[in-house]
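S.K.: Mind having a look at this structure? Questions to follow.
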Amino acid sequence: DAESMQDRFEASFDIGAAVELYQLEGEHGEILKHHYGSVVAENVMKPLYIQPEEGEFYWDEADQLVAFANEHDLELRYHTLIWHSQVPEWFFIDEEGNEMVDEEDPDQQEANKELLLERLETHVGTVVERYKDDIDAWDVVNEVIDDEGGLRESEWYQITGDEYIKRAFHTAREYGGEDAKLFINDYNTEINPKRDDLYALVEELLDEGVPIDGIGHQSHIQLDWPTLEEIEESIRLFDGLGLETHITELDVSLYGYPPTPAFDTYADIPDEAFEVQAERYHQLFTLYESLDEMITNVTFWGIADDHTWLDDRAEEFNDGIGKDAPFVFDVDKNVKPAYWAMMSDE
Ligand code: XIL
């Protein structure tokens, strides 16, 4: 067996992977147990899966991941309590069956806001109470800042303003206790205006006593974007607020965005692309290690190149055909040049 990634970086941070349940078994499961010290659900803990209908909580799949993490002594991140995506519509439908975002009467708007915040509290409180002894870090809110800066104009925002963010953190603290580690998670945290607006939001919330313990940098990155300097600057910036740093969804796409042209199949990807990617991984982990006073967890958004959400993008922008290859294990689950590069300490 190739040396365990978790062992290699043990002194610095945990190495994690996002998983679907089928990956707890077979070859993925073996890699997971050998190389990783932390897991997160790629989907099954999102609100759409946990509470598909109001009051009907569905725990089966989340429980399976919790059991696996406990059995194999892995850290477990919870992703995600609140998000604008993969959230069931019922949250935003009022008691008359109308969409809350369309409401024009100020009194009814106020009532809707209260109702939505109650629903949020029930969701967050119920989940945190159930899993508080199992979860090492919670993504409390995900992607609340818009790409153009400012708060994302999600349904949550349109109905409650920024109150949903505050209520989510306060409720997680209330039910999870002082030991619960509460994270705010986002992508493109290296890029302005988003970076500075996220920073300003967190600073303001902390000033108001909102309990935020950590920043999750998703880190869906590309071969040459963002720059290493931008990545380092952002990590240092948020660390300056006293937050713990997690890299929560690392993948290194071979493409820009949109990914045009994408390679049709894995076999079409030239070795040279894998070499460039390896160098990127080397630089990245050298940087992470140099910042290990700040970073406590580095989680990949998948295990091996056979299963990555990035394929959806490659396909979407290339007439339904395209393959990405963002990880350090290939489609056959063998180590890639990127693996040797990230493990090297030269
Ligand atoms: C993605 C999953 O990987 C896909 O399987 C799913 O279809 C959509 O969501 N940012 C996040 C993650 O915070 O939850 C997303 O996960 C990827 C982008």
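We did not get these values from a lab; they are worked out from the coordinates using the rules stated. All values reported here derive from a predicted model rather than from experimental measurement. Because the Cβ atoms are built from the backbone with ideal geometry, glycine has one as well, and the counts that use them run over all protein chains shown.
S.K.: To the nearest 500 deg cm²/dmol, what mean residue ellipticity at 222 nm is calculated for the chain from DSSP H runs of n ≥ 4 alone, each contributing -39,500 (n - 2.57), summed and divided by the residues?
M.R.: -12000 deg cm²/dmol
S.K.: To continue, here is another question. In terms of the Cα gyration tensor, with a ≥ b ≥ c the square roots of its eigenvalues, is the range 105-246 rounded because a/c is under 1.5, prolate because a/b exceeds b/c, or oblate? Let's see the in-between values first.
M.R.: Values: a/c = 2.14, a/b = 1.36, b/c = 1.57.
Because a/c hits 1.5 or more and a/b fails to exceed b/c, the range 105-246 counts as oblate.
S.K.: Counting Lys +1, Arg +1, Asp -1, Glu -1, what net charge surrounds Thr245 among other residues with beta carbon under 12 Å of its beta carbon?
M.R.: It works out to a net charge of -4.
S.K.: May I ask you to sort Val39, Val202 by Cβ crowding, counting other Cβ atoms within 10 Å and putting the fewest first?
M.R.: Values: Val39 25, Val202 19.
Fewest-to-most ranking of Val39, Val202: Val202, Val39.
S.K.: Give the lysines reachable from Lys113 as a straight Cα distance under 20 Å; neighbours fewer than 8 places away on the same chain don't count.
M.R.: Hits, sequence-local ones excluded: Lys166.
S.K.: Under 13 Å from the 7 Å Cα→Cβ point of Asp264, by amide nitrogen: which residues of the range 288-312?
M.R.: In the range 288-312, the label zone of Asp264 (backbone N under 13 Å from the point 7 Å along Cα→Cβ) covers no residue.
S.K.: Right, something else. Starting from the Cα of Glu96, step 7 Å along the direction of its Cβ; do the same at Leu287; then give the gap between the two resulting points in nm.
M.R.: 5.2 nm
S.K.: Mind listing the Cα extents of the chain along all three principal axes, in Å, largest one first?
M.R.: The Cα atoms of the chain stretch 62, 43, 39 Å along the principal axes, largest first.
S.K.: In vacuo Debye scattering of the range 200-346, one point per C-alpha: log10 I(q)/I(0) at q = 0.09, 0.17, 0.18 Å⁻¹?
M.R.: Here the Debye-derived log intensity ratios amount to -0.32, -0.95, -1.03.
S.K.: Fewest first, what order do Phe183, Phe317 take by the number of other Cβ atoms within 10 Å?
M.R.: Lowest to highest Cβ neighbour count: Phe317, Phe183.
S.K.: Please report the Cα spread of the range 262-346 along all three principal axes, rounded to whole Å, starting with the longest.
M.R.: 44, 23, 20
S.K.: Right, here's the next one. With a cut-off of 8 Å between alpha carbons and a minimum separation of six or more residues, what is the relative contact order of the chain in percent?
M.R.: 16 percent
S.K.: Roughly what % antiparallel, to the nearest 5, for the DSSP beta bridges in the range 5-343?
M.R.: 10 percent
S.K.: OK, next. Which helices of the chain meet both criteria: a Cα extent of 18 Å or more along the helical axis and a mean Kyte-Doolittle score no lower than -1.0, with helices taken as whole DSSP H segments?
M.R.: Correct list, ordered by number: 106-131, 194-207, 271-290.
S.K.: Still on this structure, I have one more. Under a point spin-label approximation (7 Å from Cα along Cα-to-Cβ), what is the Glu3-Asp107 distance to one decimal in nm?
M.R.: 7.0 nm
S.K.: Between Ala67 and Glu272, what's the calculated FRET efficiency when r is the beta-carbon distance and R0 is 45 Å? Round to 0.05. Kindly include the intermediate steps, with their values, before the conclusion.
M.R.: Numbers: r = 43 Å, r/R0 = 0.95.
Approximately 0.55, to the nearest 0.05.
S.K.: Could you tell me which residue out of Ile165, Ala18, Gln277 lies farthest along the dipole of the chain toward its positive end? Charges go on the beta carbon: Lys and Arg +1, Asp and Glu -1, centred on the Cα centre.
M.R.: It is Gln277, whose Cα lies furthest towards the positive end.
S.K.: Give the peptides 304-315, 54-65 in descending order of average Cβ contacts within 10 Å, highest first.
M.R.: Listed from highest to lowest mean packing, they are 304-315, 54-65.
S.K.: How many nm is it between the label spots at Glu279 and Leu48, if each spot is 7 Å from the Cα in line with the beta carbon?
M.R.: The answer from the label model is 3.8 nm.
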